[in-house]
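Working notes, structure below.
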Amino acid sequence: MNAIPAVLSVSHSIGLCILIGVIILCLEILYHRKKDERERNNSRKRFWEKEAEANSVRKKDITFLNYIDIPLESLPFIHTDDDELNEYQNIVKDLAGKRILNLGGISNTDLKLEYGPANLPELMQYDDNYNTLTATLAKWGSRLASIGMSDRAIMVLEYCVDIGSDVSLAYYTLADEYRKKGRTSDIDKLIKKAEKLDSIMKKAILEKLNTIRSYID
């Protein structure tokens with residue numbers, strides 16, 4: 001008979017421990033939710049404070065920024081009936097008369113802080129020109145490679161990489177052309193350049209380049 005109260009007492013103790021555990025868990029979850037909410041609120045506050053500061057900056061001279069000048073005389077333009085090649089060549093020639101800036105990784109707020117909000121539309125256009133240029137160079141080089149013009153392809157793709165492009169097609173095609181020619185040291189140099197990229201594409205580019213490099217070993 002004495003065993004029944006003992007069992008009930010143990011069951012009660014276990015139930016109480018479970019209840020306390022649940023309460024502690026709920027309090028911990030509530031604490032972390034409140035903490036996350038405070039951090040989000042502080043982050044939003046800092047953002048809008050920075051944005052307000054950026055919007056008050058006076059317009060600055062952007063004449064002497066590090067604009068990219070396309071070296072038309074150094075790129076392998078050819079007379080051809082290939083419509084695809086002609087399209088890419090014409091785009092590059094057209095861009096040569098425009099201002100081009102690589103502003104990748106710089107937020108609009110930071111651009112306004114540095115140069116003033118009045119310059120933002122122009123700067124965004126210059127960055128768009130850069131993105132158009134690098135994408136076009138990558139496709140141009142890839143097309144040249146696909147029709148057997150390897151040396152010309154390498155010239156175009158090397159220039160694309162040299163101006164800081166993170167277009168994966170440029171890296172993959174260039175590395176593959178190096179591989180075909182047994183230019184292992186040039187693949188190694190290309191990998192080192194990719195390691196300096198500040199881009200979400202960096203990891204994928206490096207993985208592919210190292211795979212291409214492994215084909216030679």
Select from the range 54-74 the residues that are of a type outside the set (S, T, N, Q) and within 26 Å of the chain's Cα centre (by Cα) and list them in ascending order. Ala54, Ile62, Phe64, Leu65, Tyr67, Ile68, Asp69, Ile70, Pro71
In this structure, is Gly148 loosely packed, with under 14 Cβ neighbours inside 10 Å and either of a type outside the set (A, V, I, L, M) or not in a helix (DSSP H, G or I) (or both)? yes
Among residues belonging to the range 73-125 that are part of a helix (DSSP H, G or I) and hydroxyl-bearing (Ser, Thr, Tyr), point out the one that is surrounded by the most Cβ atoms within 10 Å (Cβ to Cβ). Tyr88
When restricted to Asp188, Asp198, the only residue in contact (Cβ under 8 Å) with a residue 60 or more places away in the chain and farther than 17 Å from Leu95 by Cβ is Asp198
Where residues in the range 181-195 are modelled with pLDDT of 95 or more and exposed (fewer than 11 other Cβ atoms within 10 Å of the Cβ), which of them is nearest to Gly105 (Cα to Cα)? Lys192
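I need the full set of residues from the range 189-208 which are assigned to a helix (DSSP H, G or I) and among the acidic types (Asp, Glu), in order please.
Glu195, Glu207
The values are calculated or read from the model by the stated rules, or taken from the named source; none is laboratory data. These figures come from a predicted structure and were not determined experimentally. In this analysis, Cβ positions are derived from the backbone assuming ideal geometry, glycine residues included, and neighbour counts consider all displayed protein chains.
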